[in-house]
Structures are given as structure tokens and as C-alpha cells.
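Down below is the structure, laid out as C-alpha cells.
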There are 2 protein chains.
Amino acid sequence: MADAEPERNDAPKIDMSYLEGTIGYAIRRAQLAVFADIYRSFGKDGLTVVKFSVLAVIADNPGINQAMLAEALDVERPRMVPLLNDLEKSGFVSREANLHDRRNKSLKLTDAGRLMLDEHKRRFSDHEARLSAWLAESRPEDVLSLLWKVARLRA
Amino acid sequence: MADAEPERNDAPKIDMSYLEGTIGYAIRRAQLAVFADIYRSFGKDGLTVVKFSVLAVIADNPGINQAMLAEALDVERPRMVPLLNDLEKSGFVSREANLHDRRNKSLKLTDAGRLMLDEHKRRFSDHEARLSAWLAESRPEDVLSLLWKVARLRA
DNA sequence: TATTGTTATACTCTATAACTATA
DNA sequence: TATAGTTATAGAGTATAACAATA
């Protein structure tokens, strides 16, 4: 009943008390629960979280180049290449040559990309509403209990 | 200055306001910051976080089998095999045949495994002390700000 | 039939190094 | 020389399917 006890009643009796008392383990489980819930909202036909993030940043920063985008999202530059290849192939992002500095490519959303992003923002807000409601129910004060509360979102 | 603004002053001016307003993005960044800090404490010669978790669970549940361990840590059963192979090769874990049910293997820490675990628990507590001190400095009340505060741990 | 440990496969992610074309 | 995009590579992590031994 206490928020600090993240037990599942169907699980066998394994002593996890040490790990469950650490913020590191709690935040990892909480993050996985949140992402699982996001994917629940995105659905089978949905974008990955990373691609959604890429579209969201390009939308608010039209003309941004790949290096800046990678830095903003804290992923390595080489990671952006297959990601943007896919998004370009899907018709959501355009890569235009930058005339002022031909090393750069200027990233923009296509109309289809804008529609896809908006649709996923709607789906994302379903997730956020679910999470907010879950936390509003009874929000633990200490950090560890709060993270375990998040981790139990639709556990 | 406000806790809700996770800006880095060295970064270029990119509008990240949408993602930074979501718990999903904040908890991901917070989790990465926490793990980075754990690895800072574990050091170059240290275990991975997963291997540390495996040792910690076996220590408190001697004789546990691989399937139960996998379920407890929420990793797939096949993942445990190379993990335990490594830990066995390193001399930290023993896999004994279970006489009552010969499908099972009974996992135990070796003396070296116990020493390795204890050493890493000490290093882990350094991390936790650093994190606690960081949060005690000024702990934001709302979840989003709290996560961004965590995410800025040694950012 | 069901379960444990295992193998195999495939895809994603992370982290580097190095190449090319530009500047 | 430095930077942007790219290629290549290697190591983790994730997710499934399937197999042998055992129950």
C-alpha cells in the first residue's frame, strides 16, 4: 500500500530491496514505464520516440542542420544519418543544400511531416494526461517513492 | 536560473521548449545523467550497471535461477546467458546444477563476487551521496522541474 | 504439454574512427 | 586546419523464435 514498495503481487518472492532502494534503479524502471506508455499512445503504426523528437525539434527550428540537431537531442552525429534517411524516405523531412555553407544541409518538415507530428503530439498528450492523472491520484513527496509511482504506471 | 529551464549556456539557440516540457523527455535525460554519474563512481575498471544489478540480486537471493533473475530485473531470459557467462568467467558467480529440478541452475556469488559487489556498493553510495546533495541544494516541487534538476547533475 | 537454459537472428542504440567535401 | 555529413565498425541492448533436456 505504501508508495515506496514497488512489489508486484504476481511475482515470486525475490528480495529486490537493495536495488529498489536506489534512485538509479527506480529512475530506470520509471523511464521504461513512461516510454512503454508513450508507445501505447503512439500505437502500432506510430513513430519511434526518437523520430518523434526529431520531427518536433525540426518543426520549431526550421533550417537546422544535422549536427545542431544531434547536439540538441544528445545523440551522436552518425546516428542522425539513418534516422533522417528514414524520415526523408517516409516523406516527413526534407534535406536542402544550404547555399551559404554547402557543408550544411538545411532540415525542414514537409507537409506530411507536419501532419505526422501533429497527430503524434495529440497521441502524446493522451499519454501525458494518463500520467498526470496517475500522479495526481497520490503523489509521493520523496523522490524515490515518486519514481516508483511513475514506474507503476500501468505496470 | 529557474529550475524548469534546462538550458546549457554553451549550446546554440535551439528551441527545445516542446520536448523540454514533457515528462518523457525529462525522465530520459535524467536517467542518462544518473547512469553517467553511476559510471563516474564505478570508474574505468568497474562493472556495468546491469552486472552490478545481477550480483546484487544474487547476493540477496542465493540459489535463484536464471529465469527468476531475468524476471526480477525485467530483462529477457536469453539476455542472462552471456551476462552470466561473463560473470562466471570473471569468477564472480557460480552456476550449480539444481538436484531437485535439473532444468534449473542455482546461482550463487563466489567470494570474489561478494568482494566485487561490496566494492561497487561502496562506489555506488558515493554516487548516491552526490545525487542526494545535489537534490538537497534546492529540490523543485513539481515533477518536471525535479527531473530536470536530476538531469543537470554534473551536466 | 510446459519450463529452463540455450542458440540463433535481427534490429536498435551507442561510441569511435576516418573519409569527403567544403570552409 | 576545422567542420558537416557520411561510412564503417564494434559492442551493447532488445525482442523473438526455436531447440534440447527435463519436468
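Computed from the coordinates by the stated procedures, all read-outs in this text should not be read as laboratory data. The structure displayed is predicted, hence computed values, not measured ones. Neighbour counts run over all protein chains shown; Cβ positions are idealised from the backbone, glycine included.
So here's what we get for this one:
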quantity	calculated
Total charge dipole magnitude, segment B:49-113, about the Cα centre, Cβ charges on Lys, Arg, Asp, Glu only, Debye to nearest 20	220
Peptide-level mean, for A:59-65, of C-beta atoms on other protein chains within 10 Å	2
Magnitude of the charge dipole, segment B:1-140, Cβ model with Lys/Arg +1 and Asp/Glu -1, debye to 20	560
Lysine pairs meeting the criterion (Cα under 27 Å, 8 or more apart or interchain), as found in segment A:1-136	12
At q = 0.22, 0.31 Å⁻¹, base-10 log of I(q)/I(0) for segment B:42-90 (Debye sum, equal scatterers on each alpha carbon)	-0.78, -1.36
10 Å Cβ neighbours from other chains, averaged over peptide A:146-153	2
Pair-distance profile P(r), taking every C-alpha pair of the protein assembly as shown, with 10 angstrom steps and integer %	5, 23, 28, 24, 14, 4, 1, 0
Burial ranking of peptide ranges B:140-148, A:121-129, B:96-104 (average Cβ count within 10 Å, highest at the top)	B:140-148, A:121-129, B:96-104
Residue closest to axis [chain A; rotation mapping onto B; Cβ; Å]	A:Gln31, 2
Label spacing, shortest first and in nm, from B:Glu76 to its equivalents in the remaining copies (7 angstrom along Cα→Cβ)	2.3
Chain B: calculated mean residue ellipticity at 222 nm from DSSP helix runs of at least 4, using -39500 (n - 2.57)	-19000 deg cm²/dmol
Check: the protein assembly as shown dipole with +1 on Lys, Arg Cβ and -1 on Asp, Glu Cβ, in debye	940
Around A:Glu88: net Lys/Arg minus Asp/Glu count, Cβ-Cβ under 13 Å	+3
Charge tally in the Cβ shell below 12 Å around A:Asp60, where Lys, Arg are +1 and Asp, Glu are -1, A:Asp60 excluded	+2
Charge sum, other residues only, whose C-beta stays under 9 Å from A:Leu153's C-beta, Lys/Arg counted +1 and Asp/Glu -1	+3
Cβ neighbours within 10 Å from other chains - mean over B:27-38	5
Selection from B:His100, B:Ser145, B:Ala72, by position along the positive dipole direction of segment B:49-154 (Cβ)	B:His100
In sequence order, calculated HN-Hα J values of segment B:129-134 (Karplus, 6.51, -1.76, 1.60; Hz; x Gly/Pro)	5, 5, 5, 4, 4, 4
